[in-house]
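The values are calculated or read from the model by the stated rules, or taken from the named source; none is laboratory data. Quantities reported herein were computed from a predicted structural model and do not represent experimental measurements. So basically every Cβ, Gly included, is an ideal-geometry build from the backbone, and we count neighbours across all protein chains shown.
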Amino acid sequence: MLSSDHIEIHETAFVTSAFRAADVKLSGDYFAYLWNNPKTEKWVEEYLTKVSSEETFTHCLRNRYFLDKIKENVIKNGTEVLINFGAGFSMYPFLLDPKIIHIEIDKPEIVGHKKFKIEQWQNEDLLPKRNLHFIGVDFSKEYKEGLLATIKSLKGKKKCFILIEGVLFFLDREETDSLFQLFNLLQDTGDIIGSASFQDNLKQTLAFKRLIDFFGEKISKTKASDYQTIQDTYYREISGYILVDHQDYFSLSKDYNHKIIQDKELILNENFYLLQKVKS
Ligand SMILES: C[S@@+](CC[C@H](N)C(=O)[O-])C[C@H]1O[C@@H](n2cnc3c(N)ncnc32)[C@H](O)[C@@H]1O
């Protein structure tokens with residue numbers, strides 16, 4: 001899967017996992033290490049030097065925040081199904097209550113590889129068995145009707161938490177609108193969406209300029225305008241939902257007692273939102 005010196009967008013999932021594996025106490029992801037491999041290690045080292053050395057911790061805290069919020073919703077809100085859009089190699093199925101049903105959606109090459117490796121690790125007793133379903137789709141192509149029917153057949157009327165993290169940056173606004181419309185069709189009153197995205201003002205920072213230069217070298221998309229940023233108002237105006245929580249790397253660092261090392265200019269500060277459906 002990791003074939004050349006060039007990074008495909010779906011292969012960024014390996015890098016994200018490597019960051020989570022680097023500080024397990026902070027990320028809470030005790031299984032991320034399973035995805036480590038020599039090629040990713042090389043990218044990670046280069047990325048941390050050329051873009052921002054804080055990236056390990058931003059990704060660890062993102063995972064920890066959503067992990068804790070999903071756990072909280074399982075207890076307080078009766079969440080029974082986690083639907084992870086652009087799930088990559090995240091390991092929530094193995095970090096949550098075994099009763100939870102997991103639906104993971106990503107590009108076919110990612111879900112194919114993930115299913116293969118998970119089954120291998122389960123056979124080797126490195127991972128426990130879980131109620132886990134993989135669906136391969138590309139959010140930039142025609143996918144909605146088939147996906148809606150497949151998810152509905154798996155989820156039934158059960159309460160769900162939809163997660164989309166590390167993905168919207170790579171999509172355009174039309175694709176994003178379309179996903180949020182799909183979320184609305186899938187969810188009932190009280191259900192939650194967790195979303196992560198960057199705000200417009202990040203584009204002024206040195207860290208963002210470095211990120212675009214790095215992606216320019218490694219990924220076919222090269223201009224800042226190829227990458228999506230999203231303002232708070234977008235989340236506040238999603239019809240049928242209310243914003244119930246909003247955090248970023250700085251607020252989570254305080255909450256989890258994490259000491260920030262880099263200057264603000266050198267941090268890719270990501271924003272994290274929880275939305276709750278208020279009417280069906
Ligand atoms: C940076 S990774 C994040 C993975 C995971 N959410 C996490 O936080 O570890 C981005 C993920 O988005 C997926 N992705 C990006 N564009 C996509 C598209 N058009 N359709 C489906 N998945 C996409 C990639 O395949 C990849 O797994």
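How about segment 223-252: which of its residues are assigned to a loop (DSSP other than H, G, I, E, B) and either polar (S, T, N, Q) or surrounded by 13 or more Cβ atoms within 10 Å (Cβ to Cβ) (or both)?
So the first thing to find is which residues in segment 223-252 are assigned to a loop (DSSP other than H, G, I, E, B), and the list is 223, 227-231, 237-240.
Within segment 223-252, Tyr227, Gln228, Thr229, Ile230, Gln231, Ile238, Ser239, Gly240 meet the criteria.
Would you be able to say whether some residue in segment 130-141 is at pLDDT below 95, over 26 Å from Thr189 (Cβ atoms) and of a type in the set (D, E, K, R)?
Yes, segment 130-141 has at least one match.
Taking the residues in segment 104-158 that are in a loop (DSSP other than H, G, I, E, B) and of a type in the set (Gly, Ala, Ser) as candidates, determine which candidate is surrounded by the most Cβ atoms within 10 Å (Cβ to Cβ).
So the first thing to find is which residues in segment 104-158 are in a loop (DSSP other than H, G, I, E, B), and the list is 107, 124-130, 137-143, 156-158.
Still in the running and of a type in the set (Gly, Ala, Ser): 140, 156.
Values: Ser140: 14, Gly156: 9.
Among residues in segment 104-158 that are in a loop (DSSP other than H, G, I, E, B) and of a type in the set (Gly, Ala, Ser), the one surrounded by the most Cβ atoms within 10 Å (Cβ to Cβ) is Ser140.
May I ask you to say which residue of Ser90, Ser52, Ser17 is buried (at least 22 other Cβ atoms within 10 Å of the Cβ), in contact with a strand residue (DSSP E or B) (Cβ under 8 Å, 6 or more places away or on another chain) and over 15 Å from Ile193 (Cα atoms)? Steps first, please.
Values: Ser52 fails: in contact with a strand residue (DSSP E or B) (Cβ under 8 Å, 6 or more places away or on another chain); Ser17 fails: in contact with a strand residue (DSSP E or B) (Cβ under 8 Å, 6 or more places away or on another chain).
Going through Ser90, Ser52, Ser17 in turn, the sole match is Ser90.
How many residues are more than 13 Å from the ligand (Cβ to nearest atom) and of a type in the set (Gly, Ala, Ser) when one looks only at segment 40-93?
3
Which members of segment 248-280 meet the condition of being of a type in the set (A, V, I, L, M, F, W, C) and in contact with a Leu (Cβ under 8 Å, 6 or more places away or on another chain)? It would help to see each step written out before you state the result.
Initially, segment 248-280 is screened for residues of a type in the set (A, V, I, L, M, F, W, C), giving 250, 252, 260-261, 266-268, 272, 274-275, 278.
Matches in segment 248-280: Leu252, Leu266, Leu268, Phe272, Leu274, Leu275.
Out of Lys107, Lys117, report the one residue that is of a type in the set (D, E, K, R) and out of contact with any strand residue (DSSP E or B) (no Cβ under 7 Å at 6 or more places or on another chain). Write out each step before concluding.
On the way: Lys107 fails: out of contact with any strand residue (DSSP E or B) (no Cβ under 7 Å at 6 or more places or on another chain).
Going through Lys107, Lys117 in turn, the sole match is Lys117.
Restricting segment 163-177 to residues that are of a type outside the set (A, V, I, L, M, F, W, C) and near the ligand (Cβ under 8 Å from one of its atoms), which is farthest from Tyr227 (Cα to Cα)?
Here is the first cut: in segment 163-177, the ones of a type outside the set (A, V, I, L, M, F, W, C) are 165-166, 172-177.
Within this subset, residues satisfying the condition of being near the ligand (Cβ under 8 Å from one of its atoms) are 165-166, 175.
Working: Glu165: 14, Gly166: 12, Glu175: 13 Å.
It comes out as Glu165.
Which ones in segment 95-154 are basic (Lys, Arg), within 16 Å of the ligand (Cβ to nearest atom) and touching a residue at least 12 places away in the same chain (Cβ under 8 Å)?
Narrowing segment 95-154 to residues basic (Lys, Arg): 99, 107, 114-115, 117, 129-130, 141, 144, 152.
Then drop every residue that is not within 16 Å of the ligand (Cβ to nearest atom), which leaves 107, 114-115, 117, 141, 144.
Selection gives Lys107, Lys114, Lys115, Lys117, Lys144.
Do the conditions hold for Ser178, that is, is it farther than 22 Å from Thr12 by Cα and either among the small types (Gly, Ala, Ser) or not in a helix (DSSP H, G or I) (or both)?
Details: farther than 22 Å from Thr12 by Cα: yes; either among the small types (Gly, Ala, Ser) or not in a helix (DSSP H, G or I) (or both): yes.
Yes.
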